[in-house]
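Engineer: The structure is given below, and queries will be raised subsequently.
The values are calculated or read from the model by the stated rules, or taken from the named source; none is laboratory data. The structure presented is a predicted model; accordingly, all values stated were derived computationally and were not measured. Because the Cβ atoms are built from the backbone with ideal geometry, glycine has one as well, and the counts that use them run over all protein chains shown. These accessible areas exclude ligands, DNA and RNA; they are computed on the full protein's heavy atoms, side chains included. Shrake-Rupley method; radii C 1.70, N 1.55, O 1.52, S 1.80 Å.
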Amino acid sequence: MTGLPQDHAPVGAAARASRGGLVLIPLAALIAVLPLIHNGYSCGHDFDFHLVNWFEAAKQFSHGNLYPHWAYTPAFNAGEPRFVFYPPLSWMLGALLGLLLMHLPGVSEAAGWSAAPILFTWIALTASGLTFHRLARPFVSANAAVLAATLYLANPYMLFTAYERTAYGELLAAAWIPLLFHAMLRDRVTIPRVALPLALLWLTNAPAAVMGSYTLAVLAAMRVVAGYRRSASGSAPELATGAGIYSLQLALRAMGGTALGLGLAAFYVVPAAYERHFVQIAMATITGMRIDQNFLFEHTGTSSDALDHDKVLHTASLIAVVLLIATVAALAATLLRRKARPSATAFPTLPLAILTAGIAFLLTPLSLPLWNHAPQASFLQFPWRLLAILAPILALATAHALDRLPLKLAATACAAVLLAIGFTHPAYDVFRQPCDPEDTAPARLALFHSNAGTDPTDEYTPATADNDALTSSAPPYWLASSATGAPPATTQPGPAPMHLSVAATQAEELILNLRNYPAWLVTVNGVPAEHPAERQDGLVAIAIPAGSSTIDLRYVRTRDQTLGDAISGLALVLFVWTLRDRPELRSAA
């Protein structure tokens, strides 16, 4: 591992030029979304899922619930604890964008929500380019950093995620991965610099957070070993504390940053970890979603679903091969530069090469034993998601190779525009997914307002419920002689009301179109209802006495949520404390 280059620190006019070049990054991101602006958003694999999240969150924001846990329309209005398990930053951003756009003068609700995915994509790509620029700038000139940032935000895997998969959580997470590299590749590893990107990853996308955590561990281990060797050999006399002490300090800072980062995200992480046994979380790794079925160029069968799966896998595999070849070439160029200019500032070629080799290995079936035994690795689902880690390596090595060129700002601007166009045009043609009429944002919005409900998500289904037993047209509630009573066939569908009064001529069962979940408190005439009877569809069924009864429903704060909030509050205090009297860290963090 290397020290920070000092010859590229912007000073005076160079600093102004560097800031001017930053304008090219949002411009490059705009070029990447111009086809979406002109032709409309892409209805990719996860488009419906995220759009429903945004609708749900926006509606609850409007009612004063700024951090919802329950989504009401999934499972045909029976709901699911979707927001407990899906990290909050992406659906919060999408909801806020939709609310903002639909309230602009002259903009309809449907038009606002149609523009939200495009604006989200531009923001995510711009943020990714800016954070990568921060990563690259200590190693290379401002112009080389801008070109590499353009490569990072418009690389084929990023556009595959944006256009074909519309995996908005993963797309936004790409903005935090360069900050993680920045924390571990710079000269001084500090706790807040490690904590911040790790917390942001956990609050944005769980697979990206798992990848980031392992990347952090690998880079930290290499830093510790390299620090020990440098200080022990005497090549770093400034490390006067001794080899063992220096390496121990590095390790403690990395571990402290990891702990603090998890603490900052604890308000999400603790409930998601604890409540996972309340839902069928293992459904996230069913057939087609398992690691062993998603290595490069695997084939999973001849059914229509298998063929669709293999088509996506084939595309991802081709992208992986292209990025791996390009990364190896870029890293080789850094080695050639080092041989040509031995006095040049050192570049972390070795750790980046080790990471590249590790990613290449993990994309092949040879790595299956490692996937099977590494904690939480199975929830990554697709090994090719590791391309999100490979992409900044490629861009950083490319930046170092480009740094030899005498780039001027005007030439950099032309090159960045051409680079963005060159990547965007073929990616849009290949990756963009057409929209069926029922999948457009206006159609999904109309469905959301219709009280018809939406499909359930298997992994967020309560543990005792069976989605196949759900009735898609169930009314908000009904009375039955037994807890297994079926809903009447002639009523309008809808979610269970939070407050209702019923009159029963005899003791009966009240069935609510609400999934039974431990966080729901149901009271009958002010008294908490006894444990609801179990139904195959997982709906709440409670006994009510003859006569009039008042039923109230309330989603309560559980102990794990309270614990997570308390840990995050304490971690935030510690995070601010680590920044005291260190303005350079405040600006970096």
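Engineer: Mind listing whichever residues of the range 432-472 are over 26 Å from residue 118 (Cα atoms), in a loop (DSSP other than H, G, I, E, B) and open to solvent by 60 Å² or more (accessible area, probe 1.4 Å)? So that I can check it myself, show each step before the final result.
Structural biologist: The initial filter retains those residues of the range 432-472 that are over 26 Å from residue 118 (Cα atoms), namely 451-452, 458-472.
Those left that are additionally in a loop (DSSP other than H, G, I, E, B): 451-452, 461, 463-466, 470-472.
Correct list: 451, 464, 472.
Engineer: Contact list please: Cβ distance under 7 Å, first residue in the range 135-146 and more than 17 Å from residue 186 (Cβ to Cβ) and of a type in the set (Val, Ile, Thr), second residue part of a helix (DSSP H, G or I) and open to solvent by 10 Å² or more (accessible area, probe 1.4 Å), pairs at least six apart or on different chains.
Structural biologist: Short answer, once both residue conditions are applied: 146/24; 146/133.
Engineer: What are the residues in the range 527-546 that are assigned to a strand (DSSP E or B) and either surrounded by 13 or more Cβ atoms within 10 Å (Cβ to Cβ) or at pLDDT 95 or above (or both), if any? Don't jump to the end; show me each part of the working.
Structural biologist: First, the residues of the range 527-546 that are assigned to a strand (DSSP E or B): 527-528, 539-544.
Listed by number, the residues that qualify are 539, 540, 541, 542, 543, 544.
Engineer: Against the condition surrounded by 21 or more Cβ atoms within 10 Å (Cβ to Cβ) and assigned to a loop (DSSP other than H, G, I, E, B), how does residue 399 come out, does it pass?
Structural biologist: Details: surrounded by 21 or more Cβ atoms within 10 Å (Cβ to Cβ): yes; assigned to a loop (DSSP other than H, G, I, E, B): no.
No; evaluated as a whole, the condition is false for this residue.
Engineer: Go through 154, 136, 115, 148 for me and flag whichever is open to solvent by 10 Å² or more (accessible area, probe 1.4 Å) and of a type outside the set (D, E, K, R). Outline the logic, then answer.
Structural biologist: Numbers: 154 fails: open to solvent by 10 Å² or more (accessible area, probe 1.4 Å); 136 fails: open to solvent by 10 Å² or more (accessible area, probe 1.4 Å); 148 fails: open to solvent by 10 Å² or more (accessible area, probe 1.4 Å).
115 is the lone residue from the list that is open to solvent by 10 Å² or more (accessible area, probe 1.4 Å) and of a type outside the set (D, E, K, R).
Engineer: While we're here: Run down 127, 167 and say which single residue is surrounded by fewer than 24 Cβ atoms within 10 Å (Cβ to Cβ), in contact with a His (Cβ under 8 Å, 6 or more places away or on another chain) and aliphatic (A, V, I, L, M). Reasoning before the result, please.
Structural biologist: Working: 127 fails: in contact with a His (Cβ under 8 Å, 6 or more places away or on another chain).
Selected residue: 167, the only one of 127, 167 that is surrounded by fewer than 24 Cβ atoms within 10 Å (Cβ to Cβ), in contact with a His (Cβ under 8 Å, 6 or more places away or on another chain) and aliphatic (A, V, I, L, M).
Engineer: Restricting attention to the range 377-391, does a residue exist that is assigned to a loop (DSSP other than H, G, I, E, B), over 21 Å from residue 169 (Cβ atoms) and either without any contact (Cβ under 8 Å) to a residue 60 or more places away in the chain or not acidic (Asp, Glu) (or both)? Walk me through it before giving the result.
Structural biologist: Filtering the range 377-391 down to residues assigned to a loop (DSSP other than H, G, I, E, B) leaves 381-382.
With over 21 Å from residue 169 (Cβ atoms) added as a condition, the list becomes none.
The answer is no; no qualifying residue exists.
Engineer: Do the conditions hold for residue 482, that is, is it over 27 Å from residue 83 (Cα atoms) and either assigned to a loop (DSSP other than H, G, I, E, B) or open to solvent by 40 Å² or more (accessible area, probe 1.4 Å) (or both)?
Structural biologist: On the way: over 27 Å from residue 83 (Cα atoms): yes; either assigned to a loop (DSSP other than H, G, I, E, B) or open to solvent by 40 Å² or more (accessible area, probe 1.4 Å) (or both): yes.
Yes.
Engineer: For residue 292, are the conditions met, namely being under 24 Å from residue 370 (Cα atoms), open to solvent by less than 40 Å² (accessible area, probe 1.4 Å) and in a helix (DSSP H, G or I)? Spell out the reasoning first.
Structural biologist: Numbers: under 24 Å from residue 370 (Cα atoms): yes; open to solvent by less than 40 Å² (accessible area, probe 1.4 Å): no; in a helix (DSSP H, G or I): yes.
Here the answer is no, as residue 292 does not meet what is asked.
Engineer: What about residue 284, is it at negative phi and within 24 Å of the chain's Cα centre (by Cα)? Break it down stepwise before answering.
Structural biologist: Details: at negative phi: yes; within 24 Å of the chain's Cα centre (by Cα): yes.
Yes.
Engineer: Go through the range 181-219 and report how many residues are in a loop (DSSP other than H, G, I, E, B) and more than 19 Å from residue 379 (Cα to Cα). Steps first, please.
Structural biologist: Our first condition is that a residue be in a loop (DSSP other than H, G, I, E, B); within the range 181-219, this holds for 186-190, 203-205.
From what's left, more than 19 Å from residue 379 (Cα to Cα): 186-190.
Total satisfying the criteria: 5.
Engineer: Name the residues in the range 547-589 that are among the basic types (Lys, Arg) and either at pLDDT 95 or above or farther than 27 Å from residue 182 by Cβ (or both), would you?
Structural biologist: As a first pass, look at the range 547-589 and keep what is among the basic types (Lys, Arg): 554, 557, 559, 580, 582, 586.
Once the filter is applied, which keeps residues that are among the basic types (Lys, Arg) and either at pLDDT 95 or above or farther than 27 Å from residue 182 by Cβ (or both), the range 547-589 yields 554, 557, 559.
Engineer: If residue 314 satisfies all but one of (1) touching a residue at least 60 places away in the same chain (Cβ under 8 Å); (2) open to solvent by 60 Å² or more (accessible area, probe 1.4 Å); (3) under 26 Å from residue 124 (Cα atoms), what's the number of the condition it fails?
Structural biologist: With (1) touching a residue at least 60 places away in the same chain (Cβ under 8 Å); (2) open to solvent by 60 Å² or more (accessible area, probe 1.4 Å); (3) under 26 Å from residue 124 (Cα atoms) applied to residue 314, the lone miss is (1).
Engineer: Could you figure out which of (1) part of a loop (DSSP other than H, G, I, E, B); (2) under 30 Å from residue 559 (Cα atoms) isn't true of residue 45?
Structural biologist: (2)
Engineer: Sticking with this one: Has the range 364-382 got any residue that is at pLDDT 90 or above, buried (at least 22 other Cβ atoms within 10 Å of the Cβ) and either within 24 Å of the chain's Cα centre (by Cα) or under 30 Å from residue 292 (Cβ atoms) (or both)?
Structural biologist: No, the conditions are met nowhere in the range 364-382.
Engineer: Quick check, is residue 324 over 20 Å from the mean Cα position of the chain (by Cα), aliphatic (A, V, I, L, M) and either under 18 Å from residue 380 (Cα atoms) or surrounded by 16 or more Cβ atoms within 10 Å (Cβ to Cβ) (or both)?
Structural biologist: Working: over 20 Å from the mean Cα position of the chain (by Cα): yes; aliphatic (A, V, I, L, M): yes; either under 18 Å from residue 380 (Cα atoms) or surrounded by 16 or more Cβ atoms within 10 Å (Cβ to Cβ) (or both): yes.
Yes.
Engineer: Go through (1) open to solvent by 60 Å² or more (accessible area, probe 1.4 Å); (2) of a type in the set (D, E, K, R); (3) in contact (Cβ under 8 Å) with a residue 12 or more places away in the chain one by one and return the number of the condition residue 559 breaks.
Structural biologist: Here residue 559 meets the rest and fails (3).
Engineer: Considering only residues of the range 505-525 that are open to solvent by less than 60 Å² (accessible area, probe 1.4 Å) and more than 39 Å from the chain's Cα centre (by Cα), which is nearest to residue 78 (Cα to Cα)? I'd like the intermediate steps shown before the answer.
Structural biologist: Just the residues of the range 505-525 that are open to solvent by less than 60 Å² (accessible area, probe 1.4 Å), to begin with: 508-517, 519-524.
Then drop every residue that is not more than 39 Å from the chain's Cα centre (by Cα), which leaves 508-510, 524.
Values: 508: 21, 509: 17, 510: 15, 524: 20 Å.
Among those that are open to solvent by less than 60 Å² (accessible area, probe 1.4 Å) and more than 39 Å from the chain's Cα centre (by Cα), it is 510.
Engineer: Could you figure out which of (1) closer than 29 Å to residue 384 by Cβ; (2) at pLDDT 85 or above; (3) of a type outside the set (S, T, N, Q) isn't true of residue 288?
Structural biologist: (2)
Engineer: Follow-up. In the range 69-180, which helices (runs of 4 or more DSSP H) lie fully inside it and hold 3 or more residues that are modelled with pLDDT of 95 or more and within 22 Å of residue 460 (Cβ to Cβ)? Talk me through it step by step, then tell me what you get.
Structural biologist: Values: elements: 82-85, 88-102, 109-136, 142-154, 156-159, 168-173.
So the answer is 82-85, 88-102, 168-173.
Engineer: Starting from residues that are polar (S, T, N, Q) and not in a helix (DSSP H, G or I), keep the ones in the range 267-289 and report whichever is farthest from residue 568 (Cα to Cα). Let's see the steps before the verdict.
Structural biologist: Applying the first criterion (polar (S, T, N, Q)) to the range 267-289 yields 280, 285, 287.
Add one more test, that the residue is not in a helix (DSSP H, G or I), and what stays is 280, 287.
On the way: 280: 27, 287: 36 Å.
Step by step, filter the range 267-289, then rank; the result is 287.
Engineer: If the Cβ limit is 8 Å and pairs must be 6+ apart or interchain, which residue in the range 55-66 that is in contact (Cβ under 8 Å) with a residue 24 or more places away in the chain pairs with which residue that is open to solvent by 80 Å² or more (accessible area, probe 1.4 Å)?
Structural biologist: 58/96; 61/96
Engineer: Next up: Report yes if some residue within the range 223-230 is modelled with pLDDT under 95 and among the small types (Gly, Ala, Ser); otherwise report no. Before the answer, list the steps.
Structural biologist: Looking only at the range 223-230, we keep the residues that are modelled with pLDDT under 95, and these are 223-230.
If we keep only those that are among the small types (Gly, Ala, Ser) as well, we get 226-227.
Looking for residues that are modelled with pLDDT under 95 and among the small types (Gly, Ala, Ser), one finds at least one in the range 223-230, hence yes.
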